[in-house]
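Please treat every number below as a calculation from the coordinates, not as lab data. All of these numbers come straight from a predicted model, not from anything done at the bench. A quick note on method: Cβ atoms are made from the backbone with ideal geometry, for glycine too, and the neighbour counts reach across all protein chains shown.
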Amino acid sequence: NTEKTLILIKPDAVKNSQIGKILEMYEKNNFNILAMKMIWMNEKLAAKHYEEHIGKEFYTRLVDFMTSGRLVAAVLQGEDIINRVRKLHGCTDPSKAEAGTIRQLFATDKTHNVVHASDCPETANKEIHIFFSEAEIFDN
Ligand code: CMP
């Protein structure tokens, strides 16, 4: 079941020069990168992307962080990619993330947690189209 997912390499990872290491882990896992760009989120874009978290206790922290610097957005494609990327990223809370996962290796805490990935096909479809037009996605 070939799927697409959206990933974000968050501002903490960009500031800490970890873009290359994270992309390398995707490539080593044979995740196909179909689209990629660098963007700086504003509050409006953050609210669109994190719609389901509006009003939650951590929302302001989350948006302040996500708008604090530039980030990398990419579309990855592969067999069962949504689950495989989430597994590679590890638990949202890095202190609970499995050894060898991206968050265990690079993340600081639940807010500064280095990467985002879509959690299901419906979310993936929504999130991909927040950041990319169809013409920007090289569907090979
Ligand atoms: P992400 O995968 O980008 O999607 C939602 C984000 O909300 C999540 O990663 C975390 O960075 C953040 N988040 C979730 N729960 C908490 C929490 N309890 N405290 C702070 N941030 C959180």
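Considering Cα pairs under 8 angstrom that are at least six residues apart, work out the relative contact order of the stretch 2-136 and quote it in whole percent.
Across the stretch 2-136, relative contact order equals 39 percent.
Once you have the Kirkwood Rh of the stretch 2-136 from its Cα pairs, apply Stokes-Einstein at 37 °C and 0.692 mPa s and quote D in µm²/s.
Roughly 221 µm²/s, to the nearest whole number.
Hey, rough spin-label estimate for GLN104 and SER68, points 7 angstrom out along Cα→Cβ, what's it come to in nanometres?
Result: 2.5 nm between the two label points.
Charges only on Cβ, +1 for Lys and Arg, -1 for Asp and Glu: so what's the dipole of the stretch 2-136 about the Cα centre, in debye to the nearest 20?
My answer is approximately 360 debye.
Sort 56-69, 109-122 by the packing proxy (mean of other Cβ within 10 Å over each peptide's residues), most packed first.
The densest-packed peptide leads the list: 109-122, 56-69.
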